[in-house]
Amino acid sequence: MISYACIAWVLAGKVNKVVLTPDLVEEYGPGLFGNKCAKCLEPEKVEYLALPGTIEQLIVTSLRAVWDQISTNETFLNGAQIVSRQFKVNLMEIFQGIPFTGYGMCETFLIGITTLGDQPSDLELMLDARLYAKPNIEVRLVDDNNEIVDVGKDGEVQVKTYSIFKSYRGEKDKTRAAFTDDGFLRTGDMGMMYPDGTFIIKGRVADAMRFKVFGDVIYPGPIEEVVSKYPGVKDVSVVGAGVTDLVGDEIVYCIRLQHGVSQPTEEDLNAFCDENGMDESQRPARIIYFDSFPTTANARKVSKSLLREKVKTMVENDSKIGLTNWYIEILNEITR
C-alpha cells in the first residue's frame, strides 16, 4: 500500500500494487474500516507502507479494533508531518516493522532521513527521528538574527543544495523572502542539532508560542509527544490562541479521544504530564475535545493554521470554553 505521493515508485517498477485511501474513510467507523484494512493488508502481504501520518493513524486505530497485528510489513515511512515517538511505537505494534522518517520539502526534495540499521541503538534513533542530511546538502540552524546557533540549541533549519528550486513562479517577493543573502533556503522549521551532525525537527517556527508569565517559548511537539501517551488519547494537536499582553499565547490542547473513552479530568491529565517530564509552562490554558481535526487540502496532515483559526472562533463564541482551573488561577494572580 502506498500513498498518492509515492505513485512514482509504481512508474519506476518498484511496486506492483497501489491502494488509494479515500479522504473520508473515517465515516465508515473504526470497526468497518479496520476490517477493510485487514482484508487488504494481510492477504496482499504488503511489505512497505508509505502514507501520510493522518491516514496512518486512522488505519492503526481502526486495525486495533479488529486485528492484533499485520505480520508482513517490513518498513513504514513517516513524512508530511511530525509524529510522536508513541505514534511510531503504536505502528510497530500493529505492523511489526521499523519506522523510517524522511524530511523534505517540495522546494528541495529530500533533505534528511533516519537510519535503517538493525541495532537497538539504531531503533532508538529511528523512534526519535534523528535525521542524517543527505549527501551534497548543507544544513545549518540559525537564530532570529540569522546567526548559526550552538549544538543543542534550537534554531530555524536552513538548507542549500543543487536540487533546490529556483523560484515561485510569478512571485518574486515570495521567492526573495524564501532565501538568505548567501543562498540558503529558509525552511520555516525549528530544529536542534546533535554533536554527531544528526538533527531533529521540533515544529514550525510559526507554531511557536510564548507564555510570558514564565518567559518561555513553547513548541507543540514535546507537549504532543507526552499527551499522546495518555490512555485513550487518539490524537492531539497543540496550538496557541487568545494572545494577550499579560500572558502571551494561551496554550490550547486539542484532543481527540478513542471511541467510547471518557474525557480525563484536568487534574489527572496534568499529573500525567508532570510525571512524564513536562513543566508548568507547558500546561494548557484550555483543553478542547474534537471529533476530527481540519487537514491540509491534500489531507496529508493536520492543518495547524486551520485548527488555530477554528479554536479562535470557538473562543470568540464562548470565552469560557475549555478553560482550565490552573489557567484561571494564573489570571487571577496577575490581575489581583
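Every number in this text was worked out from the coordinates using simple rules, so none of it is lab data. Quantities reported herein were computed from a predicted structural model and do not represent experimental measurements. Quick reminder, even Gly has a Cβ in these numbers, built from the backbone with ideal geometry, and neighbours come from all protein chains shown.
Here are a few things to note about the model shown:
- Segment 87-157-segment 264-278 distance, computed between alpha-carbon centres (Å): 28
- Applying Stokes-Einstein at 20 °C and 1.002 mPa s to the Kirkwood radius of segment 88-223, computed over alpha-carbon pairs, gives a translational diffusion coefficient of 131 µm² s⁻¹.
- Sequence ranges 220-229, 327-336, 126-135, ranked by mean other-Cβ count within 10 angstrom, highest first: 220-229, 126-135, 327-336
- Positive-pole candidate from PRO135, GLY155, GLY117, dipole of segment 105-179, charges at beta carbon: PRO135
- Mean Cβ neighbour count within 10 Å, used as a protection proxy, ranking 251-260, 136-145 highest first: 251-260, 136-145
- Restraint check, LYS88/LYS301; LYS172/LYS301; LYS153/LYS174; LYS229/LYS310; LYS88/LYS160; LYS153/LYS304, Cα-Cα greater than 18 Å: LYS172/LYS301; LYS153/LYS174; LYS229/LYS310; LYS88/LYS160; LYS153/LYS304
- Spacing of the two label points (7 Å from each Cα toward its C-beta) at ILE321 and SER121, in nm: 4.9
- Peptides 160-168, 189-197, 85-93 ranked from most to least packed, by the mean per-residue count of other Cβ atoms within 10 Å: 85-93, 189-197, 160-168.
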